[in-house]
1. Checking F54 against (1) surrounded by fewer than 16 Cβ atoms within 10 Å (Cβ to Cβ); (2) of a type in the set (A, V, I, L, M, F, W, C); (3) not assigned by TED's automatic domain parsing to the domain that holds M145, only one condition comes out false. Which one?
2. Would you mind stating whether S71 is closer than 15 Å to A15 by Cα and among the hydroxyl-bearing types (S, T, Y)?
3. Which of the numbered conditions does L7 fail, given that it passes all the others? Conditions: (1) at pLDDT below 95; (2) surrounded by 12 or more Cβ atoms within 10 Å (Cβ to Cβ).
4. Let me spell it out: the conditions are (1) modelled with pLDDT under 95; (2) part of a strand (DSSP E or B); (3) not hydroxyl-bearing (S, T, Y), and R160 meets all of them except one. Which number is the exception?
5. Go through the stretch 72-98 and count every residue that is assigned to a loop (DSSP other than H, G, I, E, B) and of a type in the set (G, A, S).
6. From A15, A33, A75, grab the single residue that is touching a Gly at 6+ places or on another chain (Cβ under 6 Å) and modelled with pLDDT of 95 or more.
Amino acid sequence: MNHKNTLCLWYNGTALEAATFYAKTFPDSAVHAVHHAPGDFPSGKQGDVLTVEFSVMGIPCLGLNGGPAFSHSEAFSFQVATDDQAETDRLWNAIIDNGGQASACGWCKDKWGLSWQISPRALVAAVTHADPAIAKRAFDAMMTMTKIDIAAIEAAVAGR
């Protein structure tokens, strides 16, 4: 990969495992290259996987096996726009069922600590609606959810 801008994501020896999971879970995602350390480094030995070039939904990423010094936080997340409840459920469940953790308002965390917002397009449209009353009803409904329920958002928009 030779991109002008690449997200570098820090892992504790699990960059290839994470990249492989993302590649099989998200559309337009792939593992492109695995690079082994040419010498010993603080968290590994010569020959260990040092970096993994991959893409997540077309976004170029570099997984760096930097060791335990740093971990992911909710200050960074991938926001995934989903088209329907089936896609929302599939992606959410893939993350949760692979050792992830549910959070609130469509957020979850994968087993490596990286945060994801599984955000149906219907939710985004509803909470940014031009009518402030509709936006508030949708927002209030979202605030009660972990995984987003599109039917409940649509009901809030309709005032039911």
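1. Unmet for F54, out of (1) surrounded by fewer than 16 Cβ atoms within 10 Å (Cβ to Cβ); (2) of a type in the set (A, V, I, L, M, F, W, C); (3) not assigned by TED's automatic domain parsing to the domain that holds M145: (1).
2. On the way: closer than 15 Å to A15 by Cα: yes; among the hydroxyl-bearing types (S, T, Y): yes.
So S71 fits the description; yes.
3. Only one criterion is unmet by L7, namely (1).
4. Only one criterion is unmet by R160, namely (2).
5. Looking only at that region, the number is 2.
6. On inspection, the qualifying residue turns out to be A15.
The values are calculated or read from the model by the stated rules, or taken from the named source; none is laboratory data. What you are looking at is a predicted structure, and each value in this text was computed from that prediction instead of being measured. Note: ideal-geometry Cβ built from the backbone for every residue, glycine included; neighbour counts use all protein chains shown.
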